[in-house]
Amino acid sequence: MPKIVDHQARREEIAEALWRVVRRDGVGAATVRSIAAEAGWSPSALRHYFSTQAELLAFAMEHVITRVRARIETTDFRGPVRVAVRRLMEELLPMDAERRAEAEVWLQLAALTPGDPAAGDWLRRADDGVGEAATLAVRALAEEGELAGRRDAEFEAARLHALIDGLTIHVLARPDSIPPDRVSAVLAAHLEDLAT
């Protein structure tokens, strides 16, 4: 009788190995060979699931999206709306090792998109998630009177999205120049500005 393989469990095993490598050695080290070694597999066994590094990074992006959603679902959003919105948006920023690894995968995938339509699809999904979070945040602020009446909610959501993307790139490029408390302060100042 042939052995039954739980492909989802194997993909989860690959995902965990991938994140260990990314956290320890950076996303540039996340090759088919290094992930296979980390998982205790042969490279040919891993290539059964991912034949290229681009496919592996797309899978990593899928895993990022799943992880961020799960983290947001367990975040406590009680309290004043501006505090809750800041917490939501901070979940998307590289303010600790886990979120930094997620952002590094996102940035690597962004670099692949010009030549890889599949990478572009995953990047758009991730970007849509940030856009949805920014839209939700601005709507919540507006509903609680924390968005000045003359401000256009759609425009402000796009501006908040751009701020999150910009802060992410800045932190990845120069992590020592903008520590997590400074990132949080910049975000808080922007949210306060929306009310005036």
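The values are calculated or read from the model by the stated rules, or taken from the named source; none is laboratory data. All values reported here derive from a predicted model rather than from experimental measurement. Every residue, glycine among them, receives a Cβ derived from its backbone with ideal geometry; neighbour counts consider all protein chains shown. Keep in mind that these areas ignore ligands, DNA and RNA; they rest on the heavy atoms of the full protein, side chains included. Shrake-Rupley method; radii C 1.70, N 1.55, O 1.52, S 1.80 Å.
A crude spin-label estimate for the pair residue 67 and residue 55, with each label 7 Å from Cα along the Cβ direction, gives 2.2 nm. Set against the 2.2 N^0.38 Å expectation for a compact globular protein, the range 1-113 has a Cα radius of gyration ratio of 1.23. Taking the 1.4 Å solvent-accessible surface of the chain as the whole, the part contributed by carbon and sulfur is 53%. Spin-label pair residue 196-residue 8: with each label point 7 Å from Cα along the Cα-Cβ axis, the two points sit 5.1 nm from one another. Evaluating kT/(6 pi eta Rh) at 4 °C and 1.567 mPa s, with the Kirkwood radius of the chain over Cα pairs in the Stokes-Einstein relation, gives 72 µm² s⁻¹. Accessible area per residue for the range 82-189, computed on protein heavy atoms with a 1.4 Å probe, is 51 Å².
Over all distinct Cα-Cα pairs of the range 101-196, the Kirkwood formula returns a hydrodynamic radius of 14.6 Å. R0 = 30 Å: FRET efficiency of residue 148 with residue 111, Cβ-based, nearest 0.05? Working from the Cβ atoms, E equals 0.20. What FRET efficiency, computed as 1/(1 + (r/R0)^6) with R0 = 30 Å and r the Cβ-Cβ distance, is obtained for residue 176 and residue 83, rounded to the nearest 0.05? Result of the calculation: an efficiency of 0.65.
Taking θ as phi - 60° and the Karplus parameters 6.51, -1.76 and 1.60, the scalar couplings of the range 98-108 work out to 5, 5, 5, 4, 4, 5, 5, 5, 4, 5, 4 Hz in sequence order, x denoting glycine and proline. Modelled label positions at residue 47 and residue 16, each set 7 Å beyond Cα in the direction of Cβ, lie 2.6 nm from each other. Working from the Cα coordinates of the range 93-134, the gyration tensor eigenvalues give, after taking √(5λ), semi-axes of 19, 14, 6 Å in decreasing order.
What the Cα convex hull of the range 40-95 gives, in volume per residue, is 105 Å³.
The GluC sites (Glu not before Pro) found in the range 119-196 that occupy coil by DSSP, while having at most 16 further C-beta atoms within 10 Å, are 144. Per-residue surface analysis assigns residue 47 an accessible area of about 110 Å², computed on protein heavy atoms at 1.4 Å probe radius.
Mean projected area of the Cα convex hull of the range 1-55, taken over all directions, amounts to 3.8 nm².
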